[in-house]
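Student: Here it is, the structure, as structure tokens.
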Ligand code: SF4
């Protein structure tokens, strides 16, 4: 069984622009987008941490991952792969720095992206 951690954009999460991390969670349950790679295996999201915010995010995302590991270890869980959210990959100007910091410390596969759902139109049907 694969255990997945997600890293999400602090600004988008705190602004409730992606309420409940719904798109990532739905994509995982349907094994769509970047989660399609798990379609033939059991895979679960075990944690979501945010990037730490635009100021100094590179320095905050790694401690956040360490705290997640601490909590998961206490629950006898682990992380097998980390996905950087589509919110980061599509909209973050600091994504290269974030990716570098996460890849340097994760110790597991780091995947760029989560869901592939386009934002809904405002007035269209
Ligand atoms: S650094 Fe990027 S991912 Fe983090 S809050 Fe800012 S825009 Fe979002």
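What follows draws every value from the coordinates through simple rules; no lab data is involved. It should be emphasised that the depicted structure is a prediction, and the values quoted were computed from it without experimental measurement. Please note: Cβ atoms are built from the backbone with ideal geometry, for glycine as well, and neighbour counts cover all protein chains shown.
Student: Could you work out [θ]222 nm for the chain from helices alone, using -39500 (n - 2.57) per DSSP H run of at least four and dividing by all its residues? Round to the nearest 500 deg cm²/dmol. It would help to have the intermediate numbers written out before the result.
Tutor: On the way: 5 runs with 50 residues, N = 125.
Theoretical 222 nm ellipticity from helices: -11500 deg cm²/dmol.
Student: Right, here's the next one. Report the per residue volume, in Å³, of the convex hull enclosing the C-alpha atoms of the chain. Please report the intermediate quantities before stating the final value.
Tutor: Working: hull volume 13.4 nm³, N = 125.
Each residue corresponds to 108 Å³ of Cα convex hull volume.
Student: Now for a different question. Arrange the following residues from fewest to most other Cβ atoms within 10 Å of their Cβ: 17, 84, 25, 68. Before the final figure, lay out the partial values.
Tutor: Values: 17 12, 84 25, 25 15, 68 19.
Lowest count first: 17, 25, 68, 84.
Student: Just want the ordering: 89, 65, 70, from fewest to most Cβ atoms lying within 10 Å of their own Cβ.
Tutor: On the way: 89 18, 65 21, 70 9.
Lowest to highest Cβ neighbour count: 70, 89, 65.
Student: Picking from 37, 60, 13, which is most flexible by a Gaussian network model of the chain using Cα springs under 10 Å?
Tutor: 37
Student: So, one more: What's the exposure ranking of 123, 91, 35, going from fewest to most Cβ atoms within 10 Å? Could you put the intermediate results ahead of the total?
Tutor: Numbers: 123 4, 91 13, 35 24.
In order of increasing Cβ crowding within 10 Å: 123, 91, 35.
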